[in-house]
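Here's the structure we're looking at; comments come further down.
We did not get these values from a lab; they are worked out from the coordinates using the rules stated. The structure presented is a predicted model; accordingly, all values stated were derived computationally and were not measured. FYI the Cβ positions are ideal-geometry reconstructions off the backbone, even for glycines, and counts take in every protein chain you see.
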Amino acid sequence: MAERRVEFVAGLGFSFSSDTSHNGSGDGGFAQAEYVFRPDSAVSPRLYAGALVTFPQRDSCGTPSMCDVESQIGFAGAKVRLMAPIPWVGPYLEIGFGASVGRFRTLDGPTIDESASGVVLHIPWALGLAFGRHHEYDIAFSYLYHWEPKQTGAAFAFGFGFASP
């Protein structure tokens with residue numbers, strides 16, 4: 001039977017307006033668990049689930065009364081990690097597809113006023129560095145791009161993994 005691993009990831013979470021002409025943001029926390037197939041391979045499929053909770057930073061816009069970028073979501077999906085096959089340290093890129101459930105609010109000036117609740121599709125992607133004898137630790141910038149509420153969730157995250165039965 002092929003080796004599998006469970007990974008836990010946690011870090012500082014952020015949300016920000018996906019419209020490049022605006023700059024509203026929020027901050028909070030991020031946690032995620034992954035079930036990893038073929039963890040020692042350069043290409044490893046993963047199932048993931050987690051939560052992102054952020055609260056608005058009203059001073060991140062020019063008009064604080066017109067700024068509210070926040071999310072309280074749970075999310076899940078599938079992704080693949082493409083990692084450079086270097087012993088002890090492996091830079092990687094992840095991409096996939098998933099769904100978030102919860103509440104989003106993106107109010108950024110007079111032009112963006114979007115709210116969403118329920119199920120919203122997202123594209124997860126990450127840039128990171130796995131390290132350790134079996135690449136069991138990692139540090140990453142992880143993103144969940146939600147096109148419907150014009151919001152991206154992001155995290156600066158640290159993770160660790162261990163073999164699973």
Ranked from fewest to most other Cβ atoms within 10 Å of their own Cβ, 75, 8 fall in the order 8, 75
Per the Kirkwood formula over distinct C-alpha pairs, the hydrodynamic radius of the range 87-152 in angstrom is 13.7 Å
Checked the range 4-164 with the C-alpha gyration tensor, a ≥ b ≥ c its square-rooted eigenvalues, rounded below a/c of 1.5, otherwise prolate if a/b is larger than b/c and oblate if not; verdict prolate
Between residue 78 and residue 55, the FRET efficiency computed from the C-beta separation at R0 = 25 Å comes out, to the nearest 0.05, as 0.30
